[in-house]
Amino acid sequence: MQLVDSKKITENIYAYIKEQIIASDKPIKLAIIDAGNDAASKKYIALKMQKGMELGIQVQLINFKEDVKIEEVLSKIDELNKDDSVNGILVQLPLFEHLAPYKHRILNSINPIKDTDGLSAINFGLYSQDILNGILPATVDACLEVVKEYYKNDFNGSNVLIVNNSDLIGKPLATVFATLNATVTIANEFTKNLEDLFSTADIIVTATGKGELFDFDSVQDGSLVVDVTSIKKDDKVVGDFKDRKDNNKDITYTPVPGGIGPITVACLYRNLVNLSKLQK
Ligand code: GUN
């Protein structure tokens with residue numbers, strides 16, 4: 001089992017980001033909207049803010065209370081869209097339960113040129129046409145960074161299995177891989193005979209958010225396994241795959257913690273600096 005070296009990948013991305021920050025003639029600013037009460041989200045937001053500070057990027061956190069109305073969130077986004085000092089707007093998901101039905105309306109209200117997360121319908125349409133056209137969601141971009149480094153860059157005849165069908169990961173990632181000519185299967189935790197699909201996949205991406213569901217027994221030799229799940233279980237941070245210590249198979253794996261997570265934060269800030277350039 002070979003482990004993906006996230007550090008090497010993130011160092012390259014941060015080197016690019018730092019160059020762009022130096023070249024920029026004004027400060028770069030990200031606005032993060034927190035309108036939810038998910039414990040993991042609070043941790044992700046803190047991580048993003050910490051990294052922003054380290055990079056010298058201004059990060060403005062807008063915290064909404066549990067009784068916030070949809071109109072207030074939309075009005076804040078409108079204000080940030082119009083504010084020239086703000087280069088990127090990110091709405092952390094999941095939202096409060098009463099706002100969840102308005103998720104797409106909220107994401108689509110972000111001006112696409114400030115959509116750091118690339119989750120608006122316009123961005124989805126743009127990178128569906130050509131991955132160079134739009135802003136890729138950071139997790140998707142992070143998966144592609146790993147694939148670029150550890151898999152041949154030719155997806156003709158490659159089987160990609162994605163165990164996630166969300167707007168944040170599964171749908172955009174499947175779209176991108178399909179655009180690159182891979183043969184894509186989108187599964188979820190309810191898919192029957194998932195192990196059979198494991199045995200024919202060249203690239204497996206899992207993001208069930210459940211943790212320790214799978215082992216490597218039916219994963220074929222030579223494959224790349226990207227584990228996006230990162231949750232706490234019994235005080236240990238775990239991904240979707242377990243038992244990796246005594247595994248002698250020829251598999252490349254993104255460790256949890258320290259695999260996809262840090263690359264995702266780097267990709268987010270790369271999106272931000274690229275957007276700020278487009279806004280010139
Ligand atoms: N919640 C979990 N991951 C993400 C992410 O990448 N972006 C947003 N906006 N919310 C998330």
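Some observations on this one:
- For the stretch 41-174, a simple Cβ point-charge model (Lys and Arg +1, Asp and Glu -1, everything else neutral) yields a dipole of about 240 debye relative to the Cα centre.
- Lysine pair number, Cα distance threshold 13 Å (strictly under), the stretch 165-280, separation 8 or more or different chains: 4
- Binning all Cα-Cα separations of the chain at 10 Å, short to long from zero, yields these whole-percent fractions: 6, 29, 35, 22, 7, 0.
- Across the stretch 4-11, computed HN-Hα scalar couplings (Karplus, 6.51 cos²θ - 1.76 cosθ + 1.60, θ = phi - 60°) run 5, 8, 5, 4, 4, 5, 5, 4 Hz from first to last residue, x flagging Gly and Pro.
- Rounded to the nearest 20 debye, the dipole magnitude of the stretch 72-113 is 180 debye, with +1 charges on Lys and Arg beta carbons, -1 on Asp and Glu beta carbons, and the Cα centre as origin.
- For trypsin sites (Lys or Arg not before Pro), the sites in the stretch 56-115 that DSSP calls loop and that have at most 13 other Cβ atoms within 10 Å are Lys65, Lys69.
FYI, it's all coordinate maths here, none of it is from the lab. These numbers were taken from a predicted model, which means no experiment stands behind them. Cβ atoms come from the backbone with ideal geometry, glycine included; neighbour counts cover every protein chain shown.
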